[in-house]
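Just below is one structure, and these are the notes that go with it.
The values are calculated or read from the model by the stated rules, or taken from the named source; none is laboratory data. Fair warning: this is a prediction, and the values are worked out from it, not measured in the lab. Every residue, glycine as well, gets a Cβ built from its backbone with ideal geometry; the counts of neighbours run over all protein chains shown. All accessible areas refer to the heavy atoms of the entire protein, side chains included, with ligands and DNA or RNA removed. Shrake-Rupley method; radii C 1.70, N 1.55, O 1.52, S 1.80 Å.
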Amino acid sequence: MNTLPQQAEIGEIPVNWCNADAVTSSVMEAVSFVTPVLEVFFIRTVAEGIRTRQDGELVQRCQEFIHEESNHSVVHKRFNATLLGHLGKHPPGLAMISALLDSARKHLSLSKRLALAAALEHFAAVISKLYISHDPRLTFESAFAKELFDMHAREELAHRCVVFDLWRAHGAGGRVARIVTIGVASLAAAMYVGIAVPWILHQKTGRNFAQTLAGLGGFVAKNLTDMLTHTPIVELLSFVRRDFHPKFLVDDSLIPAAR
Ligand SMILES: [Fe+2]
Ligand SMILES: [Fe+2]
């Protein structure tokens with residue numbers, strides 16, 4: 001099992017460290033900040049899900065999953081602490097995601113929480129697949145950030161079936177449950193990105209509204225065709241299909257090996 005380097009030196013992180021572009025760097029930072037919040041939910045849900053399971057192979061996969069997600073969280077938290085040096089505080093929207101997941105923990109059954117974790121892990125796998133396909137076009141001015149995002153994407157793709165299989169072992173819900181789950185998860189994700197990315201960008205421009213708006217407008221104008229043609233909406237929504245299984249998302253032999 002590959003794993004992220006917990007002790008690797010982070011070094012200097014330039015303000016626009018990805019593609020030398022403020023918007024791209026803001027998107028990556030929004031993802032990095034939300035990662036530990038989501039992963040603690042996955043870890044607790046999976047740990048509860050295996051308490052009553054007898055299937056040794058599935059339990060072992062879940063334990064490896066917990067180990068990997070814990071490690072991702074540790075390394076992202078270190079990276080995020082460095083980012084906070086530039087930003088001053090966590091982006092707004094993060095508290096909303098945290099509150100939603102706390103509420104899910106308190107009010108939803110284990111099966112529904114596994115459904116939510118499986119849907120979010122599916123999002124993580126689709127985004128990781130997209131990231132890996134874009135990797136040759138991304139330039140990083142931080143070796144640590146590149147290693148962090150590369151390895152995280154590989155590991156997310158490699159363990160993409162674990163939570164789904166655990167959910168199925170608990171009697172996965174029907175189509176309506178899947179539609180509601182993916183709908184709620186998509187809405188929360190869109191709200192978070194819509195709040196956090198402009199806020200991070202605003203900090204990067206020295207809180208200059210004109211530069212923030214120009215940055216967002218320029219990014220959309222430059223990438224509109226790519227966004228319209230390459231956003232994997234069909235793949236994201238494939239979760240609601242009756243015959244869906246995350247193993248079909250990618251050929252495992254095509255996941256890049258660790259360098
Ligand atoms: Fe992860
Ligand atoms: Fe994951």
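Only one of the numbered conditions (1) buried (at least 17 other Cβ atoms within 10 Å of the Cβ); (2) acidic (D, E); (3) without any contact (Cβ under 8 Å) to a residue 40 or more places away in the chain is violated by E155, and that is (3). Just so you know, in the stretch 163-196 the residues that are in contact with a Leu (Cβ under 8 Å, 6 or more places away or on another chain) and within 16 Å of ligand 2 (Cβ to nearest atom) include one that is farthest from V46 (Cα to Cα), and it is A185. For E39, the criteria (1) within 12 Å of ligand 2 (Cβ to nearest atom); (2) surrounded by 20 or more Cβ atoms within 10 Å (Cβ to Cβ); (3) in contact (Cβ under 8 Å) with a residue 40 or more places away in the chain hold in every case but one, which is (3). Among the residues of this structure, E48 does not count as one that is more than 30 Å from N208 (Cβ to Cβ), free of Cβ contacts under 8 Å to residues at least 60 places away in the same chain and either part of a helix (DSSP H, G or I) or touching a helix residue (DSSP H, G or I) at 6+ places or on another chain (Cβ under 8 Å) (or both).
The number of residues in the stretch 120-159 being of a type outside the set (G, A, S) and not in a helix (DSSP H, G or I) comes to 5. The sole residue among L108, L83 that is surrounded by 14 or more Cβ atoms within 10 Å (Cβ to Cβ) and touching a residue at least 40 places away in the same chain (Cβ under 8 Å) is L83.
Can you tell which of A104, A95, A30 is of a type in the set (G, A, S) and within 15 Å of the chain's Cα centre (by Cα)? First the steps, then the outcome.
Numbers: A104 fails: within 15 Å of the chain's Cα centre (by Cα); A95 fails: within 15 Å of the chain's Cα centre (by Cα).
Answer to the selection: A30.
Only a single item in (1) closer than 20 Å to K112 by Cβ; (2) more than 14 Å from the chain's Cα centre (by Cα); (3) open to solvent by 40 Å² or more (accessible area, probe 1.4 Å) is not met by I50, and it is number (3).
Scanning the stretch 53-80 for residues that are polar (S, T, N, Q) and away from ligand 2 (no atom under 16 Å from the Cβ), we see that the one that is least open to solvent (accessible area, probe 1.4 Å) is N80. Within the stretch 219-253, being open to solvent by less than 40 Å² (accessible area, probe 1.4 Å) and among the small types (G, A, S) holds for one residue alone: S238.
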